[in-house]
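For reference, the structure discussed in these notes is given below.
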Amino acid sequence: MYDVVIIGAGVSGCAIARELSRYEVRACVLEKEEDVCCQTSKANSGIVHAGYDAAHGSMMAELNVIGNQKMEALSKELDFAFVKNGSLVVCLDIDALPNLYKLYENGIANGVKELRILNQEEVRELEPNISDQVIAALYASTAGIVCPFGLTIAFAENAAMNGIEFCFDTKVEEIEKLRSGFIIRTNKGNVVTKYVVNAAGVYSDEIHNMVSENKIHITPRRGDYCLLDKATEGFVKQTIFQLPDKFGKGVLVSPTAHGNTIVGPTAIDILDKEGSNTTAEGLNHLIKTAGNTVKNLPIRQVITSFAGLRAHEEHHEFIIGEVEDAEGFIDCAAIESPGLTSSPAIGEKVATLLANKLSLHKNERFNGTRKGILNPKTLSPQERNALIAKNPEYGNIICRCESISEGEILDAIHRPLGAKSLDGIKRRTRAGMGRCQAGFCSPKTMQILARELNLDALEITKCGGESKLLLDRR
Amino acid sequence: MKQLIYDIVIVGGGPAGLAAAIEALKEGVERILIIERDRELGGILNQCIHNGFGLHTFKEELTGPEYAQRFMEEVKEKHIEYKLNTMVMDITPNKVVTAMNTLEGMFEIEAKAIILAMGCRERSRGALNIPGYRPAGIFSAGTAQRFVNIEGYMPGREVVILGSGDIGLIMARRMTLEGAKVKVVAEIMQYSGGLKRNIVQCLDDYGIPLKLSHTVVEIKGKERVEGVTIAEVDKTGKPIEGTEEYYTCDTLLLSVGLIPENEVSKQIGVELSNVTSGPTVNESLETSVPGVFACGNVLHVHDLVDFVSEEAAQAGKNAAKYVKRVQKDLNTLDEELMHEILLIPTQGVRYTVPQTIRPECMEEEQVIRFRVGDVYRNRYVSVYFDNERVLHKKRPIVAPGEMENVYLKKEDILKYPELSQITIKLEED
């Protein structure tokens, strides 16, 4: 019997798992996919929002600001890519200027520090490629960019290091409320637990509705993105937002934590919770509207496009807390933007709640520091040569676009919750994430995966399940 | 860090790098190093196991590995040095090459001249913005070729191919011979970007339909490709509603263009052409950085490897000449003051390689390679020295898939001491 079962290994579930591992607890994360960070957490803007958007007084606002404040220190503790690059909300229309000031005031009320309204010249000085139509902008120096995979994987690995179990390819089919605790029925068998945390993303309504009469409904809100070649690095330095409308924060143009430029998202409400396919309309819309805030967007440098689903609930507020008619069942539902930013705060909030309910003791052996995959590019040539002398695999470049060595791929496979698929390797090391989009490295990466995991090459998948890459021997 | 010194460093041990090395040695430079990232020399030829190579160079039909073998043997016989499994990490404008492998770690090589021979890569799905899911089963044709011919695996059984570049056409035949069903090849343009002979020998002979002015508008399947929808496109390349056709398949191969791989060239500061995506070069195939030469598919994408070898030999020879000039400490300033003639492609001609000519540095005869932007019938290829037409050659058909050339004689150009522009164009009469 577990003390806690967390459903969903996205950024929220993994953050909760990591914070919960500070306590003596028997806990497990159930994930229907083959890896952590496979759905909403993998396909988003990767922005650490300052916290001026969410309505003052909301939980969203509170957790956003706390999450933002925690992110920089956390990036050092857990060793993931984070850059505090600042953001600009650009006002292009004199009639919309009051909305920009409203946003500013909302931010001040939310406790966002260092917010400023910049005039035309100040904006241009910061961003030479800003649209000529710019009138003013809201500048938030506390905003940042984060690698969403890096963040989620870091939470998960640190949780695993500290004793939290993870079960992949495990889909929750039914939850039965017992007098005290729950039986969770999955495709892999039954799990008994005292507490359940519902961090199931776009499925958090289905999981919630298994135990509660107060039904909730999550709408998958699709966001299409285009990612541009690293050659565009420096096109914008800050994250450039349009003034928000009822569908959210509009289409942004931003550097990523790894030096690409990202353009997106659209906001299209759909029915299919697995509908993460891009559409021609979506991509065309992006290309058309992204040009509103910047000029000469190098859109021809696009190397890939993708879509993610936000877990939108009509009240546009996080649903976090014990469900009224299901004691022991903790919702962490409707986590849409700024969910990624808020994740450190969400983790803490839910873990504290559980610790109090279960009267958990501190885990004396808790180690909150996690080393990420060694990036040889950060070493001096001397250090790098010492590394190669010891581990020659670091001298063998597998992914030439991103310059990723075999040593890094081996590390990704053999660390806690290691990579099992091409996408798993990609999210951990960036191998295959560059301009050739894995054309060159995928045969080599597959060979390494097969060798290290003792599998036949025919069993290697892109992302688990039926996503096999090769179908036969010749 | 270990430091090495060579006269010429050649980046890439494919057909271009090998031919350049052999010719540079013939020209009398001995300290030559080829750096190859793969486990063997020969480059992409190693996976091109079909025949059709070498008709121009050797007057016989060879497979890719056989063609490469001839150059590899010569390199080995002549004891030209090479390093395998070695990646060039950086090259400075002063020609200091930083490379890395498992045995030596990171090391530096000081070179007097550099020959860029890195080849090209395939354009990926992402660059096309094809909407849909991102399942397994979408491969560039060259990656699929590697799986089948080198690794010995079949990436799919039911195949649709987007793009009719040569590798796509070759793979249509190859997959068919290995028992797969290739249902259709869709090409967005009104013409194929591949060689005529490949369309006949790889599609027509096997009854594989080629649909011109068609593209993939949707990919179905979340985990593995389940099917694709193709549609006809209008003149602007936009899909025409109502023309959609669905094909069930487990694999989509892409053969939608090749991109010269010039990331290292950019580090050196070499100027690139917007049209070829390769360096701009003069008659010596020297880039905008003196002593840095380029040849093969990194310079511009070729149709036949025979022309790569020919071009690379020229680059090798000129790199050797450059090294000898530097060794004699000749002032290179003279060169900068030399008379330079611009080559202007226009009226159907997309680009020329080289882009400039210095008559004083020319060989007796200079080949100008170019490609046209569309299929044209019964046109004349014309060359103008400023406003005077000096060549007028009838061609029954010219197409983007086939590289064209004209030869210019040094003696002819020297007759025009004031010549500033040579224009190459297509004319109706």
In the range A:244-279, how many are of a type in the set (A, V, I, L, M) and open to solvent by 40 Å² or more (accessible area, probe 1.4 Å)? 2
Within the range B:379-390, identify whether any single residue is modelled with pLDDT under 95 and either under 23 Å from B:G291 (Cβ atoms) or buried (at least 18 other Cβ atoms within 10 Å of the Cβ) (or both), and answer yes or no. no
Looking only at residues that are out of contact with any helix residue (DSSP H, G or I) (no Cβ under 9 Å at 6 or more places or on another chain) and among the small types (G, A, S) in the range A:205-237, which one is nearest to the other protein chains (Cβ to nearest Cβ)? A:G234
Could you check, for the range B:195-214, whether at least one of its residues is more than 13 Å from B:C249 (Cβ to Cβ) and within 14 Å of another protein chain (Cβ to nearest Cβ)? no
When every residue in the range A:290-302 that is crowded, with 16+ Cβ neighbours inside 10 Å and more than 23 Å from the chain's Cα centre (by Cα) is compared, the one modelled with the lowest pLDDT is A:G291
How do the strands (runs of 3 or more DSSP E) wholly within the range B:225-303 filter down when requiring 2 or more residues that are crowded, with 17+ Cβ neighbours inside 10 Å and at pLDDT 95 or above: which remain? B:227-232, B:251-254, B:258-260, B:292-294
The listed residue being farther than 30 Å from A:T289 by Cβ, more than 22 Å from the chain's Cα centre (by Cα) and not polar (S, T, N, Q), out of A:K102, A:K215, A:K171: A:K215
State which residue pairs qualify: first residue without any contact (Cβ under 8 Å) to a residue 60 or more places away in the chain and inside the range B:392-409, second residue of a type in the set (F, W, Y) and open to solvent by less than 20 Å² (accessible area, probe 1.4 Å) in any location, beta carbons under 6 Å apart, and separation of 6 or more residues or different chains. B:E404/B:F370
Which of (1) hydroxyl-bearing (S, T, Y); (2) open to solvent by 20 Å² or more (accessible area, probe 1.4 Å); (3) more than 7 Å from chain A (Cβ to nearest Cβ) is the odd one out, the single condition B:Y133 does not satisfy? (3)
Which one of these does B:R197 not meet: (1) farther than 24 Å from A:T278 by Cβ; (2) over 27 Å from the mean Cα position of the chain (by Cα)? (2)
For the range B:1-21, the count of residues that are buried (at least 24 other Cβ atoms within 10 Å of the Cβ) and more than 22 Å from B:R70 (Cβ to Cβ) equals 1
Options B:Q145, B:Q69: the member that is more than 10 Å from chain A (Cβ to nearest Cβ), open to solvent by less than 30 Å² (accessible area, probe 1.4 Å) and among the polar types (S, T, N, Q): B:Q145
Per the filter on the range A:388-400, residues open to solvent by less than 30 Å² (accessible area, probe 1.4 Å), more than 7 Å from chain B (Cβ to nearest Cβ) and not β-branched (V, I, T) are A:Y394, A:C399
Any chance A:R221 is at pLDDT 95 or above, in a strand (DSSP E or B), open to solvent by less than 30 Å² (accessible area, probe 1.4 Å) and over 30 Å from A:A412 (Cα atoms): yes
When restricted to B:M338, B:M362, the only residue without any contact (Cβ under 8 Å) to a residue 24 or more places away in the chain, closer than 18 Å to B:K410 by Cβ and not acidic (D, E) is B:M338
Does the range A:441-457 hold any residues that are at the interface with chain B (Cβ under 7 Å from one of its Cβ atoms) and either without any contact (Cβ under 8 Å) to a residue 24 or more places away in the chain or in contact with an Asp or Glu (Cβ under 9 Å, 6 or more places away or on another chain) (or both), and which are they? A:P443, A:A457
Strands (runs of 3 or more DSSP E) wholly in the range A:118-186 with at least 3 residues that are open to solvent by 40 Å² or more (accessible area, probe 1.4 Å) - which ones? A:172-177
Checking the conditions here, which among A:I373, A:I448 is under 25 Å from the mean Cα position of the chain (by Cα) and either of a type outside the set (D, E, K, R) or in the same structural domain as A:E33 (by TED's automatic domain parsing) (or both)? A:I373
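The values are calculated or read from the model by the stated rules, or taken from the named source; none is laboratory data. It should be emphasised that the depicted structure is a prediction, and the values quoted were computed from it without experimental measurement. Here Cβ is always computed from backbone atoms with ideal geometry, including for glycine, and neighbour counts include all displayed protein chains. All accessible areas refer to the heavy atoms of the entire protein, side chains included, with ligands and DNA or RNA removed. Shrake-Rupley method; radii C 1.70, N 1.55, O 1.52, S 1.80 Å.
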